[in-house]
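Here's the structure we're looking at; comments come further down.
The values are calculated or read from the model by the stated rules, or taken from the named source; none is laboratory data. Predicted model, so just to flag it, every value in this text is computed and none were measured. In this analysis, Cβ positions are derived from the backbone assuming ideal geometry, glycine residues included, and neighbour counts consider all displayed protein chains.
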Amino acid sequence: MVLTRRAHKAISRWLPNETITEIVQAAPRSDQASLCRVSKLFRDLCLPILYRVVDLEADASVADFGDTVLSNAALAGLVRSYSVNYPRAGMSIAAKSLSPILVNSSKTFVRLEALSINFVLLTDTDIETLLRWTFPHLVRCSLGTASSHWSDTEQQDTLASFLIRHPELENLRIQAFPYALERSSEAVRIPLLRLQQLRCPSRIIPSIVAPRIKRVKMYWDDGGLDDVDTIFVALKAMVPSDVPLTCSTINCNKHLYSEVVDSLSRNLPYTRTLQLYLYDSPAWNEVIGHLKNCLPRFTGLAFLSVHNSSWVIPTRNEEEEINVLGDACSTLEVCRLDRRAWRKVDGMWETYPLTDFDALAGLESWTL
């Protein structure tokens, strides 16, 4: 984008700042950065937009951005959302060198509302340092990795304390959690009274106190150690019957599949959207048969998705399967079975584009 001095004067004279701000917000980030150099007016208008949402990869951009905000508290105060990703395999060793500046720069974001950091980028010491910090305005948070390592009890307690100090959280994603919380849920209660969206290992749920969960995505232990009923009873206490719950279950193996669906249908019959990711599953006809038995308990189930890319099914009558499930649950509107989807139109099931299924079922609107 090229903006001459004459054009700048004309724009700033005839357009109010609010209109210029809207135009800048619609521009690509590279153009926003260029506009910051046009004049003091444009710099004042563009910087809050440019720094409001920061999404970095674990490379030199993390170091450059960290140096910038550490040397300029005014810029750090503009950051509302900060995300650092781990996009490429084999990068963790190099990324660890950025750990101190990543943590130190994060602590300068006094107005931060959303934080997302993959712990594979941090040393154990810096993880603990970050989790001892408090972000007074934090409402969305994503922490950890599937392989996070918790080396001692002190570090485990630090994460629990971090969550307790952020009671305004509305959206929480924890990909790994301290062993102490996983095994001793009765001893740890974390009040998150504004929480609406939760992604976490299933065994964490009894530790959370939240009165109005709308969306939950649970990762199940592949060793079959979870007390399924205890988890769904705890979740039931967090979901009022007037809330159209969206529930996703991940890595539900053949030892847990029937228990999970059965307990969910008994404890949360008002679930509106159900997404099942299975692995090491029972035979496909057993999956359909068990769903047929459990679906009648649901009182408002509209969207159902059952997916497992590892299924090998020599012969299937998919039209018969969707009719069986539709008869078992009269409220069902849209259904995905592995790689095909259907939508009920005038009482009849019609093939529906798989690429549009998540949008129609509201499954693509997860944040963080």
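Out of Ser305, Ser309, which single residue is modelled with pLDDT under 90 and hydroxyl-bearing (Ser, Thr, Tyr)? Show your work before the answer.
Values: Ser305 fails: modelled with pLDDT under 90.
Testing whether each residue is modelled with pLDDT under 90 and hydroxyl-bearing (Ser, Thr, Tyr) leaves just Ser309.
Please go through the range 108-133 and pick out each residue that is farther than 13 Å from Ser81 by Cα and over 21 Å from the mean Cα position of the chain (by Cα). Quick ask: steps written out before the conclusion?
Quick first cut of the range 108-133, residues farther than 13 Å from Ser81 by Cα only: 118-133.
If the condition is that a residue be farther than 13 Å from Ser81 by Cα and over 21 Å from the mean Cα position of the chain (by Cα), then Thr123, Asp124, Thr125, Asp126, Glu128, Thr129, Arg132, Trp133 are the ones that fit.
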Tell me whether the range 59-68 contains one or more residues that are within 26 Å of Pro167 (Cβ to Cβ), modelled with pLDDT under 90 and of a type in the set (Val, Ile, Thr). no
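Of all residues in the range 180-189, which are part of a loop (DSSP other than H, G, I, E, B) and either surrounded by 14 or more Cβ atoms within 10 Å (Cβ to Cβ) or at pLDDT 90 or above (or both)?
Initial filter on the range 180-189 (part of a loop (DSSP other than H, G, I, E, B)): 184, 188-189.
Selection gives Val188 alone.
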Among the residues of the range 115-139, count how many are surrounded by fewer than 21 Cβ atoms within 10 Å (Cβ to Cβ) and in a strand (DSSP E or B). 1
